Amino acid sequence: MTNERIILLHRIRLLREGVIGSKGIHEFRDYKGVPYSYEMPEDIYTAGAWLKQGYQIKPGETACAHFPIWKYRTDWSSRPPTRTYYMKDMNFFTADQVTPLAEPELYGTAV
């Protein structure tokens, strides 16, 4: 199972438990044309993923979810380099738990 699938299943569970909110209703039709709809759970990310998007976790916030996802380690000493995959528990946060990173002050920069 991929990380995307693992996270989606946990997001659905968290939505049903009322821990996270919904992004709205997703409507689609299957290959026979039968209409379906369901609530899309809001996105959750790790602290590192939020940092890459330009956000930081608010001070004092605790994770809304904690579950294992796939990580890997590359062994560069072997030829060819090999990757070792393992499961690691990670903390996940919602958009309500983050703030945008402040713009760095530019002191003494020449134009």
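The values are calculated or read from the model by the stated rules, or taken from the named source; none is laboratory data. Treat the numbers as computed from the prediction; the structure is a model and nothing was measured. Cβ coordinates were reconstructed from backbone atoms using ideal geometry, including for glycine residues, and neighbour counts include every protein chain displayed. Just so you know, the surface numbers come from the protein's heavy atoms only, side chains and all, with ligands and any DNA or RNA stripped out. Shrake-Rupley method; radii C 1.70, N 1.55, O 1.52, S 1.80 Å.
Selection within segment 36-50: residues that are open to solvent by 60 Å² or more (accessible area, probe 1.4 Å) and either at pLDDT 95 or above or acidic (Asp, Glu) (or both). The member of this set that is farthest from residue 98 (Cα to Cα) is 39. Beta carbons closer than 9 Å, at least 6 apart along the sequence or on distinct chains, pair a first residue in segment 9-33 that is closer than 21 Å to residue 65 by Cβ with a second that is exposed (fewer than 11 other Cβ atoms within 10 Å of the Cβ) and at pLDDT below 95 for 9/1; 26/36; 26/37. State all residues of segment 1-33 that are of a type in the set (A, V, I, L, M) and open to solvent by 60 Å² or more (accessible area, probe 1.4 Å); if no residue qualifies, say none. Answer for segment 1-33, where residues must be of a type in the set (A, V, I, L, M) and open to solvent by 60 Å² or more (accessible area, probe 1.4 Å): 1, 9, 19, 25. Looking only at segment 73-97, residues that are over 20 Å from the mean Cα position of the chain (by Cα) and without any contact (Cβ under 8 Å) to a residue 12 or more places away in the chain come to 10 in all.
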